[in-house]
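In what follows, a single structure is set out as structure tokens and then discussed.
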There are 2 protein chains.
Amino acid sequence: MSAVPSQPEAIALASDHAGAHLKATLVAELERLGFRPLDLGTDAATPADYPDMADRLAAALADGRARRGVLVCGSGIGISIAANRHRHVRAALCHDVTGARLCREHNDANVLALGERLIGAEVAKECLATFLSTEFAGGRHAPRVAKLG
Amino acid sequence: MSAVPSQPEAIALASDHAGAHLKATLVAELERLGFRPLDLGTDAATPADYPDMADRLAAALADGRARRGVLVCGSGIGISIAANRHRHVRAALCHDVTGARLCREHNDANVLALGERLIGAEVAKECLATFLSTEFAGGRHAPRVAKLG
């Protein structure tokens, strides 16, 4: 009896045109980290409104194509507001690794939101790695997260 | 005929216990700037869950006690997720003045969210002043904001 090799976990990504370059960087980083990026668009040459892209990612989480995701727009603000309209999404706008850690430990965030115009690519890549590797702390945080549902 | 002196604009504030010290700083700053702070709690000695405090601020905007507000928790993440469950709230989690400007110009944000553990008091005060003094740019941003409603 041999072990069945596990399929790499899919991570969904979506951005508007202002976030497309950083999204492309994060697609490559996800491959390097051993994940399977599921790129829902857009690219820098194809304008797309951030609420539509947030809805697209929310749909991918709802139908099980991915369990976790990444959203990018110019500031990260608009796309995270739009994503959090969906009660199955907990989208954390992060600007540094500390936020990326806390959003997992305290909020059990399932979406990392980033602003291409506000943070650099190296910071974004470390946020991504931290977001993906940090577990929810549970305990006193669990009833608060339950109130977000 | 004499001019009727205008009432200072009310700005609603709410935080959990982890954001109460920064909220107190911002209450004083609002008074200094000529606004009327409407402090919905909590204080540092009285634990409160961030989703409940976000709901309390959302209710104050819905019933017209204030038109704009400020939310604080430890990271700003949980309380902004909770606030954005309400479709009349556009809560922008900001870490610097650039974000505070962009959330007004591009997203017509009506709530500023801040993380007491992640930014310093001076940065937070400048974010607040920028948030309150920056107009929505309209134009191409208007149909995107409409999709958040």
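Determine the relative contact order of chain A: mean sequence separation of Cα pairs under 8 Å and six or more apart, normalised by residue count, in whole percent.
Once divided by the residue count of chain A, the mean separation gives 23 percent.
Roughly how large is the B-A contact in terms of buried accessible area, totalled over both chains, probe 1.4 Å, nearest 100 Å²?
Approximately 3000 Å², summed over both chains.
From Cα coordinates alone, what are the radius of gyration and Dmax values for the protein assembly as shown in angstrom?
Answer for the protein assembly as shown, Rg first and Dmax second: 19.1, 95 Å.
What whole-number value in Å² describes the accessible area per residue of chain B for a 1.4 Å probe?
Accessible area per residue: 42 Å².
Within chain B, what is the longest stretch that has no trypsin sites (Lys or Arg not before Pro) placed in a DSSP loop and near at most 11 other beta-carbon atoms within 10 Å?
Answer from the scan: B:1-86.
Return the average number of partner chain Cβ atoms within 10 angstrom of each residue Cβ along peptide B:90-102.
The per-residue average across the peptide is 5.
At a 1.4 Å probe radius, carbon and sulfur cover how many percent of the accessible area of chain A?
Accessible surface attributable to carbon and sulfur in chain A totals 52 percent.
Please state the Cα pair-distance histogram of the stretch B:1-56 with 10 angstrom bins from zero: what percent is in each bin?
Going out from 0 Å in 10 Å bins, the stretch B:1-56 shows 25, 43, 21, 8, 4, 0 percent.
Run down the lysines and flag those whose C-alpha is under 17 Å from the C-alpha of A:Lys23, throwing out any fewer than 8 positions away in its chain.
A:Lys125
Measuring from centroid to centroid over Cα atoms, what is the spacing of the stretch B:82-149 and the stretch B:43-62 in Å?
For the stretch B:82-149 versus the stretch B:43-62, the Cα centre distance is 18 Å.
Counting just the Cα atoms, what span does chain B cover along each of its three principal axes? Round to the nearest Å and put the largest first.
That works out to 45, 43, 30 Å along the principal axes.
Which of the GluC sites (Glu not before Pro) across the stretch A:76-149 are loop residues per DSSP, with 16 or fewer other Cβ within 10 Å?
A:Glu135
Work out from phi, with θ = phi - 60° and the Karplus expression 6.51 cos²θ - 1.76 cosθ + 1.60, the ³J(HN,Hα) of each residue of the stretch B:83-96, listed in order in whole Hz, and give x for Gly and Pro.
In residue order, the calculated couplings are 5, 6, 5, 8, 6, 8, 9, 10, 9, 9, 7, 10, 10, 7 Hz.
The values are calculated or read from the model by the stated rules, or taken from the named source; none is laboratory data. Remember, it's a predicted structure, so these values are computed and weren't measured experimentally. Backbone-built Cβ (ideal geometry, glycine too); neighbour counts: all protein chains shown. For accessibility, only protein heavy atoms count, side chains too; no ligands or nucleic acids. Shrake-Rupley method; radii C 1.70, N 1.55, O 1.52, S 1.80 Å.
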